[in-house]
Structure formats: C-alpha cells, structure tokens
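The block underneath contains the structure these notes are about, expressed in structure tokens.
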Amino acid sequence: MPTLTVDGIQVTVEPGSTVLQACEAAGKEIPRFCYHERLSIAGNCRMCLVEQEKAPKPIASCAMPAADNMVIKTDTPLVKKARKGVMEFLLINHPLDCPICDQGGECDLQDQAVGYGLDHSRYDENKRAVQDKYMGPLIKTIMTRCIHCTRCVRFAAEVAGTPEIGAVFRGEDMQITTYLEHAVTTEMAGNLVDVCPVGALTSAPYAFHARPWELRKTESVDAMDAVGSNIRVDARGTEVMRVLPRTNDNVNEEWINDKTRYAVDGLKRRRLDRPYVRRDGRLQPASWEEALQTVAARIQGLKGDEIAAIAGDLACVESMAALKDLFGTLGSANLDCRQDGSRIDPAQRAGWLFNSTIAGIEQADAILLIGTNPRHEATLVNTRLRKRYLHGNVAIALVGEGVDLTYPYEHLGNDAALVQAIADGSHPFAATLKNAQRPMLIIGQAALTRPDGAALQAAARALADNCGLVKDGWNGFNVLHDAAARVGGLEIGFVPGEGGRDVAGILDGARSGAVKLVYLLGADEIDTAGLGEAFVVYQGSHGDKGAHRADVVLPGAAYTEKDAIWVNLEGRVQLGRRAAPPPGEAREDWAIIRALSGAVGQVLPYDDQRSLRRRILEIAPHLAAVDQVTPAAWTPFGTAGQVAATPFTPRFADFWLTNPIARASATMAKLSAMFGKKGEEKATGTHG
C-alpha cells in the first residue's frame, strides 16, 4: 500500500488510488469538475492541479497514481495560481446567467469560482454560443454553459450502458451531443442532471419551479420498486417538488431511476382527498364517520370466511400489520399481499429474499437470470449487474425473453423447462455454475407468477443445491421482487392463514358469492372485474382501478406523506419519512384501520405509531435491525412439480405505468408514449 506525504501529513492509501484520493484521505479539499468517483478518469478539466516535489509542473491529481514516497503540496502559491488560471479559462465562454439558471445554489462552478477563482475578469472578447441539443423530455439543455467535463458522456457509456452521448468537433468548436439529437434511451437519464457540475443539463419537468433554499429536505425511501432506493424528498409547503438520490453504497449507490425521480408529479393528480360512499350507483362524498360506519355495518353482518383483504404494491408495513390484526380479530384468514398471484412459498424467508444482497452482485462470477428483465423490474439491480460485467471475469446467462439489458449475456432460450435441465446437470451452463466461486441465480416474478410458479421455485431451489450456489458465507439464490410492499408483507405474514384464500381464491370467492366483502389496501393491479358482486372497500391515495370499483373509498397517504417502515427485496429494513402532509381529509393508512376497528367494535390495542411498531416487532423481531439485512436460514421451500415447457412473458406491459402514482403522472405518460414497449422497439431495435 503506497504511503505518501500530503502537506506534511503522512497518509497510506489502497493500491490503485490516485493522488486526489490520497489528498482527501489527508483531509485536504481538492477542487474538481471532470473527476467523479464512480466514473472513469478523464483528466480534462485540470482544476485538481497540485504540486509534486521534483515534478517540473503541477500535476492533475485525479489522473496521477499514488506512489510511495511522493511529496504532494496542495496550498502553495504555484497551486493557487494554477487553479485561478484554470478557472479563468473555464469562465471565458461561460454565460453570466446564474440568476436564471436552475443549477443556481447547487452549482459546482459557482462554488469553486468563489473558492478558487479570481475576483475580476480580464476577458473582453465575444463569448462563444452553442446551440442547445435535444436529449428527450427529461433533460433541459443549455449547452453554452457546458465546460466539457464529459461526465455525462462517461455516465451514459459506463453506468447507464447506453453510449448515446459524445463530443463532436475539436478545440473551441467542441460540443456535447447525442449525435442524431434523439432522446436518450435509458431509464437512468435523470442522473445526467446530478453528474453535470454546471447548468448545461438540468431537469426539464422541474425547470423554474423552485430554488433549493426554498425547499424543505427530507431523507426517505423510494416505493416505485422493491430496491428501496435511498432518496431525498424536497417539498415546498404541502407540495413535493422533486426527488433526488441519497448515497447508500449497499443499495442504490448514488443513482435512482427516472420513474423514482420524475413520477412525483403524480402525487398531486387524481388524488383521493375525502371519503366516498356509493349511492344510487355513483360514488358520493361522505364524512369519515359515515364511511367507516358503512363499512362496519357490512362487516358486522358477515362471517370471517366471507371477508377478505388484498394489499397492493405501495402498502407500508404498518398498514399491512394493522389490517392483518383487524382481520384476525374478525376471524378471517383470507389475506394476501401477493396481488400479482406469485406462487412463492411464504413460509421460508430464503425462498423469497435477494439473499446475496445487491452489493453482493459485485462478488459473483457466474450469474443466471430466470424469467426476469432487471432493467425494468429493478433498474438499480441492473446497474449493479452491468458494473459487475465491466469488472470482467463473469459469465451471465438468461433464461427468458431476450431483451437489451445494457450488457452482453448468453441467451439460453425462452423455455422454462431449461431451468430443470440446468438443475439436473444436463445443460452446459450447469458446469459454469458449478465451477464458479460465487455463483448466483436471480429468478423474477415472470417465473413465479405462472401457474407452475411453485414448481419453478422448487426447480430453482434444486438448481441452487446441485450447482453449489449456497456455501459457507455465500447464498446465491435470489428472488427479484418488483413491488415495494411485497417483502414487508411476507415478513409480517400478510398471507393466507390456515384454510384462508390467496388472491386467486379471493377473486374466485367474490365471483361465486362466497366472499361478500373485499378490502383493497391500495390493490390496483388485480382484475377488478373478478370481484363480482362483492362489497368492495378501497383504501389508497389515488383514484385508480381499485377506487373505480369500490363501494366505499377511504383516502390514504402516499409514500411521501407518512412515516413508514419499508423492507426492500434483500430484506433490508428502511424508514421512510413524511415530507409533506396528505391532501384534504386523507389520513395515514394505519390510523384509518385503527379508526375502523373502533367502528366494528374490535378496537386494536395501539393508539400511536410507536405502539404499532412494537406490535410489528412481536410478529417479526428481526425488523428492529434498521438498514441491516438479517440472513435467512437455508431451509426447504417450493412445491416439486412439472415445469411447463412454455416461454416466459414480460412482467410489465409498460415500465413507466406500473403503479397508481406513475399512472397519474403527466411526465410518465409522456415517457410511456415515447418509450413504451412499441416505441422502445422502434428506438433501440431490441425486444426490451
């Protein structure tokens, strides 16, 4: 490990580190524009110049490898003069439009010009101007501001895996462009705004809406998929203005996908802000007391097996725990959080967790994807897979529909029977898995929601055993969920009890009349036509499919409007924070259920969220470990059976419209029209 001296401080760094990293380890601040710790080194802005003893001129610290016995100086007159000179050149052509720039207040160029630049300008020539480029509906470009740091170019090529941005021309004529000026075809486009150190690339939907100092910033967790990306929600008054990523190296690093970032305009559209009761065939506004009494009157006349509850994809752990307790007091075992009809075995945690963890992907040396398109089902998992590919020495194969995953893989076919062939060793890829040190499989919901999903889970379990995916310190069996609520619901047992009905059974019972009341906790992805003549109670935040079918609507809070527990696909417990109040008369979901329990005469034993969380820990004690993953014991799961030799079908018809918030978003509607399945095939020539 190289040891060097920085401003008289001796520091030892990891092999392969740069001088810039060594300076930071010594506590020294080094300005930079082109350098980004998650991107390759470009060394083209020269802002990070430092002085090296015996070197003939200042060195670019971001591109210089740290070596033993180096003597580095970061605050000499030579360094200060060099940085001022670099800043002066960077500002030669930069427009003086900070007052109207959306980057104002968050601009690296502003900050470093104050800290390291001159206090006057010597340039009196004409500034150059560059025509703005089109990069799609999410990215607003003002390319005259561009300083050619090439962060956007490297992000698109390396992280997003869509190398559609680059430089044309040379010298002062150089321009950053998408060449043919089309929209960038990545689900990670919003991160281009984050990596841009100036105002050349800004957020188009957010343009001119707010300044950063006006916003109240709340650290929270995303609910658009099951990854549990760490986010910061910025709100002004009662309105959420934007969502930005927070750094968590174990989950999303410092990226988020575009649905997480830009679907927030759906939080203020199609909202349920008051209770409704259906009268004369139409939903009419009602008071809370009237709505709760209407539901209570219907429940009290029914037996336990005549009522049922389904939790949707955006339900938090508290709301599901309260609803489970309420239905338990009413004698009903008809509960299910798997509104997609997944056949996973709910009894064994190892059978429905991402056991390797997201960060563990970087250790795998053989990866088998089964019935999944991680690019759409869990975008940040897909970026980890691409990152692993870029590091080399990994074999990746897919059993399922051939799609563009942004990295090369071996397409074994789209025949589910291949899973059994690999499990029994008759397929060549079985040897690849057996010979790997850290083999991994990832099975998606397109496999587990099939009629033979339980048999596929058992076959994947056999594959894991026969190919050595589980060994000391490593569990390579992974289930890829795509709903934020799913793992939390499984953890607390929001599944059918003894003799209870699952989602398919509930819908069958509703059609036949055996189930007379169905409680939908934000469940909008089920076939509402299958609810028959059942009395339907819908509790949720948006007027989506479930609310349209409901007989009583109880307005709940969205994920940004409540303090809540979320459990991601790894089983990692995370806390979401309330960033804005729910609209109108809407209330937090657990509080609605608590009030309903009083109306039916079965008062739940908690009056506040703290008491409710104590109850949750009685059900699942390991949920007390916040931001940690509790490993699952490797026990038998799945139901042995015959896997049908039929192809896997795509999980989503449209990545952009997968939940009620996204479907209420004007931005998501625009992206769906542009990049929906047909549009994407036209744009990229893939099946993705």
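Taking each residue of the stretch 494-510 that is aliphatic (A, V, I, L, M) and looking for partners that are open to solvent by less than 40 Å² (accessible area, probe 1.4 Å) and assigned to a helix (DSSP H, G or I) with beta-carbon atoms closer than 8 Å, six or more apart or interchain, yields Val495/Gly489; Leu507/Gly530; Leu507/Leu531; Ala510/Gly530; Ala510/Leu531. Among the residues making up the stretch 581-605, those that are in contact with a Gly (Cβ under 8 Å, 6 or more places away or on another chain) and under 23 Å from Arg216 (Cα atoms) are Pro582, Ala586, Arg587, Glu588. Looking at this structure, is Asp340 assigned to a loop (DSSP other than H, G, I, E, B) and of a type outside the set (A, V, I, L, M)? Considered against the rule, which asks whether it is assigned to a loop (DSSP other than H, G, I, E, B) and of a type outside the set (A, V, I, L, M), Asp340 comes out as yes. A single member of Ala454, Ala423, Ala416 is touching a Phe, Trp or Tyr at 6+ places or on another chain (Cβ under 7 Å) and modelled with pLDDT under 95, and it is Ala416.
So in the stretch 27-64, with the set limited to residues that are surrounded by fewer than 21 Cβ atoms within 10 Å (Cβ to Cβ) and polar (S, T, N, Q), which one is nearest to Pro77 (Cα to Cα)? Checked the stretch 27-64; the qualifying residue nearest to Pro77 (Cα to Cα) is Gln52.
Which condition breaks for Ile565 when tested against (1) assigned to a strand (DSSP E or B); (2) β-branched (Val, Ile, Thr); (3) open to solvent by 10 Å² or more (accessible area, probe 1.4 Å); (4) over 17 Å from Ile231 (Cβ atoms)? Looking at each condition in turn, Ile565 falls short on (4). Out of the residues in the stretch 103-153 that are among the aliphatic types (A, V, I, L, M) and part of a helix (DSSP H, G or I), state the one that is surrounded by the fewest Cβ atoms within 10 Å (Cβ to Cβ). Only one residue fits best here, namely Val114. Checked against the criterion of being acidic (Asp, Glu) and open to solvent by 10 Å² or more (accessible area, probe 1.4 Å), the stretch 314-321 contains not a single residue that satisfies it.
Looking only at residues that are of a type in the set (D, E, K, R) and not in a loop (DSSP other than H, G, I, E, B) in the stretch 496-523, which one is nearest to the chain's Cα centre (by Cα)? So, considering only residues that are of a type in the set (D, E, K, R) and not in a loop (DSSP other than H, G, I, E, B), the one nearest to the chain's Cα centre (by Cα) is Asp508.
Candidates in the stretch 197-222 are the residues that are within 12 Å of Val243 (Cα to Cα) and aliphatic (A, V, I, L, M); of these, the one that is surrounded by the fewest Cβ atoms within 10 Å (Cβ to Cβ) is Leu215.
Cβ separations smaller than 8 Å between residues 6+ apart or across chains give the following pairs from the stretch 103-115 residues that are farther than 15 Å from Ile142 by Cβ to residues that are among the charged types (D, E, K, R): Gly105/Arg211.
Within the stretch 173-191, restricting attention to residues that are assigned to a loop (DSSP other than H, G, I, E, B) and acidic (Asp, Glu), the residue that is surrounded by the fewest Cβ atoms within 10 Å (Cβ to Cβ) is Glu181. Of all residues in the stretch 622-640, those being on the phi > 0 side of the Ramachandran plot and within 26 Å of the chain's Cα centre (by Cα) number 1. Put simply, of Ala464, Ala423, Ala460 the only residue that is closer than 23 Å to Arg384 by Cα and more than 26 Å from the chain's Cα centre (by Cα) is Ala464. Quick check: anything in the stretch 310-326 in a loop (DSSP other than H, G, I, E, B), at pLDDT 95 or above and basic (Lys, Arg)? Within the stretch 310-326, not a single residue is in a loop (DSSP other than H, G, I, E, B), at pLDDT 95 or above and basic (Lys, Arg).
Of all positions in the stretch 393-400, none carries a residue that is at pLDDT 95 or above and polar (S, T, N, Q). Restricting the stretch 577-621 to residues that are open to solvent by less than 70 Å² (accessible area, probe 1.4 Å) and β-branched (Val, Ile, Thr), the residue that is farthest from the chain's Cα centre (by Cα) is Val600. Among residues of the stretch 583-599 that are farther than 13 Å from Pro275 by Cβ, those with a beta-carbon under 7 Å from a residue that is among the aliphatic types (A, V, I, L, M) and not in a helix (DSSP H, G or I) at least six positions away or on a different chain give the pairs Glu588/Ala557; Asp589/Ala557; Arg594/Leu604; Ser597/Val603; Ser597/Leu604. Residues in the stretch 254-270 that are surrounded by 21 or more Cβ atoms within 10 Å (Cβ to Cβ) and of a type outside the set (Phe, Trp, Tyr): Ile256, Asn257, Asp258, Lys259, Thr260, Arg261, Ala263, Val264, Gly266, Leu267. Tell me, which residue of the stretch 463-495 that is part of a helix (DSSP H, G or I) and open to solvent by less than 40 Å² (accessible area, probe 1.4 Å) is farthest from Ala322 (Cα to Cα)? Applying the filter and picking the extreme gives Leu463.
Can you spot a residue in the stretch 426-436 that is assigned to a helix (DSSP H, G or I) and among the small types (Gly, Ala, Ser)? Within the stretch 426-436, one or more residues are assigned to a helix (DSSP H, G or I) and among the small types (Gly, Ala, Ser).
Being out of contact with any strand residue (DSSP E or B) (no Cβ under 9 Å at 6 or more places or on another chain) and open to solvent by 10 Å² or more (accessible area, probe 1.4 Å) is true for just one of His411, His391. Which residue is that? Exactly one residue qualifies, and that residue is His391. Taking the numbered list (1) over 30 Å from Ile256 (Cα atoms); (2) open to solvent by 50 Å² or more (accessible area, probe 1.4 Å); (3) in contact with a helix residue (DSSP H, G or I) (Cβ under 9 Å, 6 or more places away or on another chain) in turn, Asn435 passes all entries but (3).
With respect to Leu554, determine if the residue is at pLDDT 95 or above and surrounded by 24 or more Cβ atoms within 10 Å (Cβ to Cβ). When the stated conditions are applied, Leu554 passes them. Kindly check whether there is at least one residue in the stretch 221-230 that is closer than 30 Å to Ala113 by Cα, in contact (Cβ under 8 Å) with a residue 12 or more places away in the chain and not small (Gly, Ala, Ser). The answer is no, given that none of the residues of the stretch 221-230 is closer than 30 Å to Ala113 by Cα, in contact (Cβ under 8 Å) with a residue 12 or more places away in the chain and not small (Gly, Ala, Ser). Within the stretch 641-661, if we keep just the residues that are of a type in the set (Val, Ile, Thr) and open to solvent by less than 30 Å² (accessible area, probe 1.4 Å), the residue that is farthest from the chain's Cα centre (by Cα) turns out to be Val643.
The residues of the stretch 532-580 that are among the hydroxyl-bearing types (Ser, Thr, Tyr) and closer than 16 Å to Ala223 by Cβ, listed by number, are Ser541, Tyr559, Thr560. Just one of the listed residues (Asp194, Asp234, Asp225) is assigned to a loop (DSSP other than H, G, I, E, B), of a type outside the set (A, V, I, L, M) and crowded, with 16+ Cβ neighbours inside 10 Å, namely Asp225. Considering (1) under 21 Å from the mean Cα position of the chain (by Cα); (2) open to solvent by less than 30 Å² (accessible area, probe 1.4 Å), the lone condition that Thr357 does not fulfil carries the number (2).
Condition check for Ala421 on (1) over 29 Å from Val487 (Cβ atoms); (2) part of a loop (DSSP other than H, G, I, E, B); (3) among the small types (Gly, Ala, Ser): one failure, at (2).
The values are calculated or read from the model by the stated rules, or taken from the named source; none is laboratory data. Model, not experiment: these values are computed from the prediction. Reconstructed Cβ throughout: ideal geometry from the backbone, glycine too, with neighbour counts over all protein chains shown. These area figures cover heavy atoms from the full protein model, side chains too; ligands, DNA and RNA do not enter into them. Shrake-Rupley method; radii C 1.70, N 1.55, O 1.52, S 1.80 Å.
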